[in-house]
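The values are calculated or read from the model by the stated rules, or taken from the named source; none is laboratory data. On a predicted model such as this, the values are computed, not experimentally measured, just so you know. Cβ sites come from the backbone with ideal geometry, for glycine too, and all protein chains shown count toward neighbours.
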Amino acid sequence: MNEEIKRILQMVEAGKLSSDEGSQLIAALDERKTNSSHATSASGKMLRVRIQDGDAERVNVNIPIQLVQFLLKMGHGIASHIPEAKPYVEQIEVETILDAIDRGIDGKIVDIQSDEGEVVEVFIE
């Protein structure tokens, strides 16, 4: 059994904490553990952007997912204060994107094919 949980149970048993307080502390420990496992799982992932025109690959970019998270947070905040960018920024649901990253989403997240034969694909791997 986890040492932190064991200590909480001992405090409840000794009457230093109520059972509700002990339960809340254990829930907080579980949440912390869950959040740290998501951060660990995202740490090695990459955002991969591929743009092809017919058989030729025009763009092949790999960005660490942690950098993407940082740039989304910072860039969205900065862009929302620029009058020309504000209408576009308001349409981007940054929190939804960050939540998907935190939940460990994998695979293709964008797949666009134009009439001219260009293909744009974005993956998280």
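Under the condition of being outside any strand (DSSP E or B) and either among the charged types (D, E, K, R) or not assigned by TED's automatic domain parsing to the domain that holds MET74 (or both), the residues counted in the stretch 92-125 number 9. Hey, can you tell me all the residues within the stretch 79-99 that are loosely packed, with under 11 Cβ neighbours inside 10 Å and hydrophobic (A, V, I, L, M, F, W, C)? Hit for the stretch 79-99 is ILE82, nothing else.
Among the residues of the stretch 43-55, none qualifies, meaning not one is under 22 Å from the mean Cα position of the chain (by Cα), part of a loop (DSSP other than H, G, I, E, B) and among the acidic types (Asp, Glu).
Evaluated against (1) at pLDDT below 80; (2) assigned to a helix (DSSP H, G or I); (3) closer than 21 Å to PHE123 by Cα, ASP30 falls short on exactly one condition, (3). Of the set (1) over 20 Å from PHE123 (Cβ atoms); (2) modelled with pLDDT of 85 or more; (3) touching a Leu at 6+ places or on another chain (Cβ under 9 Å), all apply to GLY15 but (3).
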